[in-house]
Each structure stands twice: as structure tokens, then as C-alpha cells.
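A.B. asks: One structure coming up, written as C-alpha cells, with questions to follow.
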Amino acid sequence: MARYTFALICGITFLWSDVFILSYKAQVKDAQILNESLMASKAMTKVDKTPQEPITIYLDKKCTKRSFFRCYETEILAFLYKSQVLIRSFDKTLQLQAQTFSELQIPPQYVQVEFNDTFAKISLLK
């Protein structure tokens, strides 16, 4: 009986979650990306918000928990684009030559990330 209990306890993967603050900013000039940054910071205070519809990211890359946001940046950005995106555009025309400068921002948002051995669930907190 003790063997079965020990095997059951060892076989369970523990699911633990963290709350992060995510924001994104990209600057584009004449169709070229000048600067792009995804900023992630662990929330310092307790957040009393309800999680929205989560997405699941399967962890197939060899990344640590610390570099999770860097490794899966495209999947996380695709999820965040659905929530709220701010675009500011500064167009200028001088002597029949146009220059465009655009700034794309995702304002800081609380995100709950539940890590497991093989996948991570991400949900917005609102």
C-alpha cells in the first residue's frame, strides 16, 4: 500500500501559478522596426481580479522559467494583441517625400501564468 501511495505522489505534477505584469512597445519608421521590447515583471502585490479565457502553450523548447517570455514571445504577443493595442502614427511630408513613424503599444496588463512540466496556461486578469 505504501508503494502505491508513494508512486501516486511521485507521479503527480504540481501546477503552480504566478502573476506577471506584461507590456509591449514597438517603434516603426518607414516600414522598418527600430525598437521592439516585451517587458515582463512579477507582480509585487496581490491581485484580486478574475482570470479571462486562457490559452495553452506547449513547452517544446528548452527554456527555463526565467526565460519563458523570451522563448515564447510570438505566442504571447498574439494572445495580447486580442486584448488592447494602442497605435500612434506621426506622418510627415517634406518636398514630396513622406516619412512615417509609428508606435505600437500594449499597455501594462496583469497576466496569470500557470506552469506545468509540459505546458503553460496564460490568462488575462480583469
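The values are calculated or read from the model by the stated rules, or taken from the named source; none is laboratory data. Source: prediction; values computed, not measured. Glycine gets a Cβ as well: all are built from the backbone with ideal geometry, and neighbour counts include every protein chain shown.
A.B. asks: Would you please name the residue that is surrounded by the most Cβ atoms within 10 Å (Cβ to Cβ), looking only at residues in segment 31-46 that are among the small types (Gly, Ala, Ser) and assigned to a loop (DSSP other than H, G, I, E, B)?
C.D. replies: Keep residues of segment 31-46 that are among the small types (Gly, Ala, Ser), which gives 31, 37, 40-41, 43.
Still in the list and also assigned to a loop (DSSP other than H, G, I, E, B): 31, 43.
Numbers: 31: 7, 43: 14.
Within segment 31-46, the match that is surrounded by the most Cβ atoms within 10 Å (Cβ to Cβ) is 43.
A.B. asks: With the structure loaded, tell me whether residue 117 is of a type in the set (Asp, Glu), part of a loop (DSSP other than H, G, I, E, B) and modelled with pLDDT under 90 or whether it fails that test. I'd like the intermediate steps shown before the answer.
C.D. replies: Numbers: of a type in the set (Asp, Glu): yes; part of a loop (DSSP other than H, G, I, E, B): yes; modelled with pLDDT under 90: yes.
In short, yes.
A.B. asks: List the pairs whose first member sits in segment 45-64 and is free of Cβ contacts under 8 Å to residues at least 40 places away in the same chain, whose second member is not in a strand (DSSP E or B), and whose Cβ atoms are under 6 Å apart, counting only residues at least 6 apart or on separate chains?
C.D. replies: 61/71; 63/71
A.B. asks: Do the conditions hold for residue 56, that is, is it over 15 Å from residue 119 (Cα atoms) and of a type in the set (Val, Ile, Thr)? Write out each step before concluding.
C.D. replies: On the way: over 15 Å from residue 119 (Cα atoms): no; of a type in the set (Val, Ile, Thr): yes.
In short, no.
Residues checked against (1) of a type in the set (D, E, K, R); (2) under 13 Å from the mean Cα position of the chain (by Cα):
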site	(1), (2)
48	yes, no
59	no, no
71	no, yes
74	no, yes
98	no, no
126	yes, no
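A.B. asks: Between a first residue in segment 92-117 that is free of Cβ contacts under 8 Å to residues at least 60 places away in the same chain and more than 25 Å from residue 59 (Cα to Cα) and a second residue that is assigned to a strand (DSSP E or B) and of a type in the set (A, V, I, L, M), which pairs have beta carbons less than 8 Å apart while being 6 or more apart in sequence or on different chains?
C.D. replies: Listed by first residue and then by second, the contacts come to 92/98.
A.B. asks: So how many residues does segment 51-65 have that are at pLDDT 90 or above, assigned to a loop (DSSP other than H, G, I, E, B) and surrounded by 10 or more Cβ atoms within 10 Å (Cβ to Cβ)?
C.D. replies: Total satisfying the criteria: 2.
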